[in-house]
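**Student:** Next up is a structure, given as structure tokens.
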Ligand SMILES: C[S@@+](CC[C@H](N)C(=O)[O-])C[C@H]1O[C@@H](n2cnc3c(N)ncnc32)[C@H](O)[C@@H]1O
Ligand code: SF4
């Protein structure tokens, strides 16, 4: 389990699909912290000096070699303080990053659209990656406690270019998971399917569902260029 500002890999390169550098930054902490499946939000610091120190060290590794940077922070981009957001833009400018991928919760939709405009003005194509987890309202809101409300797929698409889907919590079915993946591929530019990593302080997983997913659906989607499938939560090369 993640405890505040951890010593863990925070920089990686993804070379196959959608080549990019990935930085796992540290922010002020997720505003929500209620998703039953998540404890990643424990990686945060309210101390601006510590936040800057950790992030500066990670940013110094960015080379810009792919022109694409994915900057994530165990929460939403808006939970980075302004000094660190400015640092991110500085890195994009200095390393000629033309495509910036960030993560955010849906609740920040207004801020996301403003941020997109700001990036456009800076000549950066902002790609917003958001956690939807599933399109099944009951599972997402009543079971997972995602806190998104009940937007339609097209409303979600107005805000998110790419989405995260979660597979393997108790209460999901394989049929539902397949439907989620199909909706994700049809309406969004890319999807990231996260196999649920169960830990003691979060909701129960479904080992049989995870096994069925790996046997029946993983082979069908693993080579799809629009899909990242993270069997282990560290498969991108960051986190623990
Ligand atoms: C940590 S959130 C950060 C982005 C933003 N806060 C959001 O909720 O959209 C990113 C993604 O991590 C994934 N995730 C969280 N807890 C997980 C777990 N225990 N196992 C696997 N994936 C998990 C979810 O799919 C989630 O959308
Ligand atoms: S999934 Fe995202 S919104 Fe939910 S608790 Fe984790 S970091 Fe916060």
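**Student:** Quick one: of the DSSP bridges fully inside the chain, what percent are antiparallel, nearest 5?
**Tutor:** Taking every DSSP beta bridge with both residues in the chain, the antiparallel ones total about 15 percent.
**Student:** What is the order of 70, 212, 50, fewest Cβ neighbours within 10 Å to most?
**Tutor:** The order, fewest Cβ neighbours first, is 50, 212, 70.
**Student:** May I pose another question? When a footprinting reagent is the concern and you count Cβ atoms within 10 Å, what order do 188, 66 take, fewest first?
**Tutor:** Starting with the residue having the fewest Cβ neighbours, the order is 66, 188.
**Student:** Same structure, new question: For a quick size check, give me the Cα extents of the stretch 131-182 along its three principal axes, largest first, whole Å.
**Tutor:** Principal-axis extents of the Cα atoms in the stretch 131-182, largest first: 29, 22, 14 Å.
**Student:** So, one more: When averaged across all projection directions, what area in nm² does the alpha-carbon convex hull of the chain cover?
**Tutor:** Projected area, direction-averaged: 11.7 nm².
**Student:** Across every pair of different alpha-carbon atoms, what Kirkwood hydrodynamic radius in Å does the stretch 88-165 reach?
**Tutor:** For the stretch 88-165, the Kirkwood estimate is 13.5 Å.
**Student:** Something else about it: Rounded, prolate or oblate: which one fits the stretch 128-240, using the alpha carbon gyration tensor with axes a ≥ b ≥ c (rounded when a/c is under 1.5, else prolate when a/b beats b/c, else oblate)?
**Tutor:** Rounded.
**Student:** Provide the three semi-axes, in whole Å and in decreasing order, of the ellipsoid equivalent to the stretch 1-93 as defined by the square roots of 5 times the Cα gyration tensor eigenvalues.
**Tutor:** 22, 16, 12
**Student:** Still on this model: Considering just Cα atoms, how many Å³ per residue does the convex hull of the stretch 108-150 enclose?
**Tutor:** So the per-residue Cα hull volume is 66 Å³.
Any read-out appearing in this document is the output of simple, stated calculations on the displayed coordinates, not a laboratory observation. Keep in mind the model is a prediction, meaning the values are calculated, not measured. Virtual Cβ from ideal backbone geometry, glycine too; neighbours counted across all protein chains shown.
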